[in-house]
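Structure first, then comments.
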Amino acid sequence: VRAVERCGIVVIGSVVDIEKHGGASFWPDRPIGRPIICVTRGMSGDRQRFTVGHEVGHLVLHQFKPPEPHTAEQQAHRFAGALLLPRDQALEWIEPPVTLRTLATVKQRWGISIRALIRRSLDLHLVSDDQRISLEKQVFARGWAKQEPVEVAYERPVLLKRLIEMGTGLPI
């Protein structure tokens, strides 16, 4: 969240769920205006990080002519995975055979969810599709689909607050 805000993107939290999504993005008056990402509050830190990365993917990849919705979502997912765990680091940290224990260690270091790491491993050909399915079944069997081990702190956005304070001269 801080890295995205340093790039000038406003990140705000929403107490209301964003209709079947963890987040949404908008770029008013592009390319001059300041892009905005809204993320549902209360999600885990690893999910928040992935959602922010996903929305940055939409802002970067789809700002002029969006592809078909299904393709856009796949592209934004891959972008988020690559943003959160670049290829070289992924190859260094995720060594076959890929196990949930290995992925939990990577999650602890990089702050990316185990389920996203499974997908990233598939994208980088570190696991086959059959291995991906097996790992996902293990995640569900352990009850990790909603709450994974290794807690990642939720980041509170600060840029919007600072912009308002600068504009009004009043502390919030």
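The values are calculated or read from the model by the stated rules, or taken from the named source; none is laboratory data. Only a predicted model underlies this, so the values are computations on that prediction, with no experimental measurement involved. Cβ: placed from backbone, ideal geometry, glycine included. Neighbour counts: every protein chain shown. Heads up: the accessible areas ignore ligands, DNA and RNA and are worked out on the full protein's heavy atoms, side chains in. Shrake-Rupley method; radii C 1.70, N 1.55, O 1.52, S 1.80 Å.
Within the range 1-59, which residues are modelled with pLDDT under 90 and of a type in the set (A, V, I, L, M)? Matches in the range 1-59: V15, V16, I18, I32, M43.
Counting the residues of the range 113-149 that are assigned to a loop (DSSP other than H, G, I, E, B) and either of a type in the set (D, E, K, R) or buried (at least 16 other Cβ atoms within 10 Å of the Cβ) (or both) gives 7.
Counting only residues that are under 26 Å from Y154 (Cα atoms) and loosely packed, with under 14 Cβ neighbours inside 10 Å, the range 61-80 holds 1 of them. Looking at L83, L100, just one residue is open to solvent by 20 Å² or more (accessible area, probe 1.4 Å), aliphatic (A, V, I, L, M) and at pLDDT 95 or above, and that residue is L83. Within the range 96-108, residues that are in contact (Cβ under 8 Å) with a residue 12 or more places away in the chain have Cβ atoms under 6 Å from residues that are open to solvent by 40 Å² or more (accessible area, probe 1.4 Å) and part of a helix (DSSP H, G or I) in these pairs: L100/Q138; V106/W93, counting only partners at least 6 apart in sequence or on another chain. Considering I133, I114, the condition of being farther than 21 Å from R6 by Cα, of a type in the set (A, V, I, L, M) and under 15 Å from the mean Cα position of the chain (by Cα) is satisfied by I114 alone. Determine whether the range 77-84 contains at least one residue that is closer than 15 Å to L122 by Cβ, of a type in the set (D, E, K, R) and in contact (Cβ under 8 Å) with a residue 12 or more places away in the chain. Yes; the residues of the range 77-84 include at least one that is closer than 15 Å to L122 by Cβ, of a type in the set (D, E, K, R) and in contact (Cβ under 8 Å) with a residue 12 or more places away in the chain.
Within the range 148-162, the set of residues being touching a residue at least 24 places away in the same chain (Cβ under 8 Å) and either under 14 Å from I12 (Cβ atoms) or in contact with a Phe, Trp or Tyr (Cβ under 6 Å, 6 or more places away or on another chain) (or both) comprises Y154, E155, R156, P157, V158, L159, L160. So which residues in the range 11-31 are open to solvent by less than 100 Å² (accessible area, probe 1.4 Å) and either small (G, A, S) or within 16 Å of R47 (Cβ to Cβ) (or both), if there are any at all? Selection gives V11, G13, S14, I18, G22, G23, A24, S25. Please work out if R34 is outside any strand (DSSP E or B) and more than 20 Å from E73 (Cα to Cα). Against the criterion (outside any strand (DSSP E or B) and more than 20 Å from E73 (Cα to Cα)), R34 qualifies. Collect the residues in the range 150-172 that are charged (D, E, K, R), open to solvent by less than 90 Å² (accessible area, probe 1.4 Å) and in a loop (DSSP other than H, G, I, E, B), keeping them in residue-number order. Within the range 150-172, E155 is the sole residue that qualifies. Among residues of the range 19-31 that are closer than 14 Å to Q63 by Cβ, those with a Cβ under 8 angstrom from a residue that is in a strand (DSSP E or B), sequence gap 6+ or separate chain, pair up as S25/I36; S25/I37; S25/C38; F26/I36; F26/C38; W27/I36; P28/I36. Cβ-Cβ distances below 8 Å connect the following pairs, each with a first residue in the range 128-147 that is without any contact (Cβ under 8 Å) to a residue 60 or more places away in the chain and more than 17 Å from P96 (Cβ to Cβ), a second residue that is among the small types (G, A, S) and surrounded by 11 or more Cβ atoms within 10 Å (Cβ to Cβ), and a separation of six or more residues or different chains: V139/A145.
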